[in-house]
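The values are calculated or read from the model by the stated rules, or taken from the named source; none is laboratory data. Computed from a prediction, not measured in an experiment: that's the story for all the values here. Here the Cβ positions follow ideal geometry from the backbone for every residue, glycine too, while neighbour counts run over all protein chains shown. Just the protein is used for accessible areas: all its heavy atoms, side chains included, with ligands, DNA and RNA removed. Shrake-Rupley method; radii C 1.70, N 1.55, O 1.52, S 1.80 Å.
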Amino acid sequence: MPPFRLLAACLGVLVVLLGGRPAAAHPHVMVETETQVVFENGRVTGLVHAWTFDEMYSTFATQGLDKDRDGTFSREELAELTQVNVEHLGQQKFFTVLRHERRFVSFGPVRDAWSEVVGGKLRLHFTVPVATPFAAESKPVTLQVYDPDYFVAFSPADGEPMRLVAAPQGCKLDFTPPKTGNAAVGSLSESFFQALNTNANFGQQFAATFTVTCP
């Protein structure tokens, strides 16, 4: 892939290079998220993400990657895009905020990353291990996925956007909608965005919160 195409195709690079974008701006990329919180022996060990990008971004990012021109994208054809996306998403801490007892949880290197195109949309799969696995018993675990600058708009996918895998018996999962309610981004007025000041932490205003509690 030519360097300028590789640069343009990577979500992480876009976020880094456009860090000086106007503060109160509409998001430019839409991502629907699905997340699994993975437990092993009663301890939280990592997150498995599946992110589906909007059709416009997907078309742009995958342009020219169908090397054999068979109308589909194999994992191999998307491998370079996957690698660079994951590398730069790591610089943004994967836009993932995980807290245990209100303390931020650190992550290790990504593994098992791969991409596919489903229904014309790019879907990125990757696992983010927790740097130090921890027991969640009696202490709440909260998860949010958002871009603080709101250049990228993250929203939970329909259906079951978050699941617990091998969680201890009695663990519960709760959902808190964004502070802005469930209004779709496209339905919000220009005046709403203009009213946001530079300290608003835009992305968090639109971030849903998942809370895991274990006995």
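Tabulated results
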read-out	value
Every residue from the stretch 57-106 that is modelled with pLDDT of 95 or more, open to solvent by 90 Å² or more (accessible area, probe 1.4 Å) and either of a type in the set (Phe, Trp, Tyr) or under 19 Å from Ser155 (Cβ atoms) (or both)	Phe104
Residues of the stretch 152-165 satisfying the condition of being closer than 12 Å to Val44 by Cα and surrounded by 14 or more Cβ atoms within 10 Å (Cβ to Cβ)	Leu164
Residue that is surrounded by the most Cβ atoms within 10 Å (Cβ to Cβ) [pool: residues in the stretch 107-151 that are of a type in the set (Ser, Thr, Tyr) and more than 16 Å from the chain's Cα centre (by Cα)]	Thr132
Among residues of the stretch 46-71, those that are in a loop (DSSP other than H, G, I, E, B) and in contact with a Phe, Trp or Tyr (Cβ under 8 Å, 6 or more places away or on another chain), counted	2
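Residues are listed down the side, and each one gets a yes or a no for (1) touching a residue at least 12 places away in the same chain (Cβ under 8 Å); (2) out of contact with any Leu (no Cβ under 9 Å at 6 or more places or on another chain); (3) part of a helix (DSSP H, G or I):
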| position | (1), (2), (3) |
| --- | --- |
| Phe39 | yes, no, no |
| Val44 | yes, no, no |
| Phe73 | yes, no, no |
| Val84 | yes, no, yes |
| Gly90 | yes, yes, yes |
| Pro109 | yes, yes, no |
| Val117 | yes, no, no |
| Leu124 | yes, no, no |
| Pro129 | yes, no, no |
